[in-house]
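**Q** The structure's right below; bear with me while I get my questions together.
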2 protein chains.
Amino acid sequence: MNNQITLRQKTVVISADSREEREETLAIEVPYTIALNDEKIGASMVLATGLEEFGAGFLFGQGYITKPGQVREVLVCPEGRISVHADVEEGSEPKEVIVTSGCGGTGKISKEMLEGAFDPLNECSISLDEVSQFIREMLQQSPLGPLTHCIHGCGLWADGRLQGFYEDVGRHNAVDKIIGAILMGKIPATGAVYTTGRLTSDMVLKCARIGIPIVLSRTSPSSLGLAIARRAGVTLAGYARPGRLNVFNAPERIIC
Amino acid sequence: MNNQITLRQKTVVISADSREEREETLAIEVPYTIALNDEKIGASMVLATGLEEFGAGFLFGQGYITKPGQVREVLVCPEGRISVHADVEEGSEPKEVIVTSGCGGTGKISKEMLEGAFDPLNECSISLDEVSQFIREMLQQSPLGPLTHCIHGCGLWADGRLQGFYEDVGRHNAVDKIIGAILMGKIPATGAVYTTGRLTSDMVLKCARIGIPIVLSRTSPSSLGLAIARRAGVTLAGYARPGRLNVFNAPERIIC
């Protein structure tokens, strides 16, 4: 498999006084097909890292996989195919899907999921110091973000440490990789998720469905992202920086 | 129709020393179904502005509508449905779709479109002064962007002036609205498009397919966005600011 995820590209910087050659770093997006039990479900443009997790998380986002323990095996083929084998119920596919807004790969949620009830979250709290450390560690692990301006990061913090961190060209995909890691038993389904992307409906929905009680973003939620957080009881915070965050719902899980 | 596109929301800003109440402005995303000749094609989360244009542009992005002159009528129903009536060929639906990366609503392109040939672009050039004026006018028309941190803008500049400008929670949707305005004969299919979002594959693909020769972004292209620009001959520039832009392909259309 070609694991190259960036490429260098000559560009011309044009300003009033000059035309100057420069090199920029670009994120490589590649198409991958996702199959569940040998049946093709969809295809997505991705950054070719954490592809096993992505495959599992993609199928969770679409409503096929619903909980940890269902994924048996994930195979990534060099030709651009992620084959997930999982114990899912017959007829688990979503009935009516909505293409979602915002910067992300999967971009589809079912109407059912949007309107249904939520199971209780896997309760926990986080201190402001932990939030600061979480964000700092994520920034350290993500040199590609500021270099390419084309990559979103998503991490999970639980039990006092950064449990997992993934990147993608889409903010949805980066969250899917975290969700996939939970489904595959690599990281726990509790704690706080931090994303560099906006918290639109489907971003919050995925976290709420898997039981994550705290969802943080470098930037803002949308109205529907907030509405879902309220319904599910998720702590939702935006504009999160080391030492500061702006809580839109359930601030009691942020302790000082 | 409820035309409210933002709402005010009380939040709690938590920092080391204080918990302070504040009000933030959120972008409202709402689900809309898009139908072509009374057949439902898809549904998308959108910012409820320029919905007629969005409907037409969405169907172009998905490959159903292919050129200006095909759209006969677009009706927006308050219940969340955009009905496009258009003269399209039988069997115009895409064969194999790929869910795309990046911040946007439609997020699907056909494999066919990704690999097919392009018609010649509607040739033009733009001066650096015009680029500067273009960006400044767009910023003036977009108070919601910096206010909500959740809205992307997309504009079209041709014949020395800003021809159209749209906003959405998704960068794809904002481009779709511009494309829709072209399809509906409101703005010309030439000049320069400027987007606040990243130039991933489908963003560049839509512009190239409709014949736009110059595509500018506040931020960066992805590898595949650049590859499509090269194949189609589109001028692709990132990190565009008044007085400066970084050209990744075909700089000859930027004149000083």
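**Q** Quick one: in the stretch B:238-256, of everything that is touching a residue at least 24 places away in the same chain (Cβ under 8 Å) and closer than 19 Å to A:V169 by Cβ, which residue is nearest to the other protein chains (Cβ to nearest Cβ)?
**A** The qualifying residue nearest to the other protein chains (Cβ to nearest Cβ) is B:F248.
**Q** Output the number of the condition that B:L26 fails; it satisfies all remaining conditions of (1) modelled with pLDDT of 95 or more; (2) surrounded by fewer than 17 Cβ atoms within 10 Å (Cβ to Cβ).
**A** (2)
Okay, residues lined up against (1) touching a Cys at 6+ places or on another chain (Cβ under 6 Å); (2) within 13 Å of another protein chain (Cβ to nearest Cβ); (3) in contact (Cβ under 8 Å) with a residue 12 or more places away in the chain; (4) on the phi > 0 side of the Ramachandran plot:
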| position | (1), (2), (3), (4) |
| --- | --- |
| B:D159 | no, no, yes, yes |
| B:G164 | no, no, yes, no |
| B:H172 | no, yes, yes, no |
| B:K177 | no, yes, yes, no |
| B:G180 | no, no, yes, no |
| B:I187 | no, no, yes, no |
| B:T195 | yes, yes, yes, no |
| B:L216 | no, yes, yes, no |
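**Q** Evaluate the stretch B:22-39: report whether one residue or more is part of a helix (DSSP H, G or I) and not basic (K, R).
**A** no
**Q** Can you name the residue in the stretch B:7-61 that is within 30 Å of B:K186 (Cα to Cα) and among the β-branched types (V, I, T) and, of all such residues, is nearest to the other protein chains (Cβ to nearest Cβ)?
**A** Ranking the qualifying residues of the stretch B:7-61, first place goes to B:I28.
**Q** If I go through the stretch B:199-240 residue by residue, how many of them are surrounded by 24 or more Cβ atoms within 10 Å (Cβ to Cβ) and of a type in the set (F, W, Y)?
**A** So the count comes out to 0.
**Q** Let me spell it out: the conditions are (1) buried (at least 17 other Cβ atoms within 10 Å of the Cβ); (2) at pLDDT 95 or above, and A:I98 meets all of them except one. Which number is the exception?
**A** Unmet condition: (2).
**Q** Considering only the stretch A:1-45, state which residues are touching a Pro at 6+ places or on another chain (Cβ under 8 Å) and of a type in the set (A, V, I, L, M, F, W, C).
**A** A:M1, A:V12, A:I14, A:L26, A:A43, A:M45
**Q** Next question, about the same structure. Take B:L59 and decide whether it is under 17 Å from B:K177 (Cα atoms), of a type in the set (A, V, I, L, M), without any contact (Cβ under 8 Å) to a residue 60 or more places away in the chain and surrounded by fewer than 18 Cβ atoms within 10 Å (Cβ to Cβ).
**A** Criteria not met by B:L59.
**Q** Kindly establish whether A:D119 is in contact (Cβ under 8 Å) with a residue 60 or more places away in the chain, surrounded by 20 or more Cβ atoms within 10 Å (Cβ to Cβ) and acidic (D, E). Outline the logic, then answer.
**A** Details: in contact (Cβ under 8 Å) with a residue 60 or more places away in the chain: yes; surrounded by 20 or more Cβ atoms within 10 Å (Cβ to Cβ): no; acidic (D, E): yes.
No, not satisfied.
The values are calculated or read from the model by the stated rules, or taken from the named source; none is laboratory data. Source: prediction; values computed, not measured. Cβ: placed from backbone, ideal geometry, glycine included. Neighbour counts: every protein chain shown.
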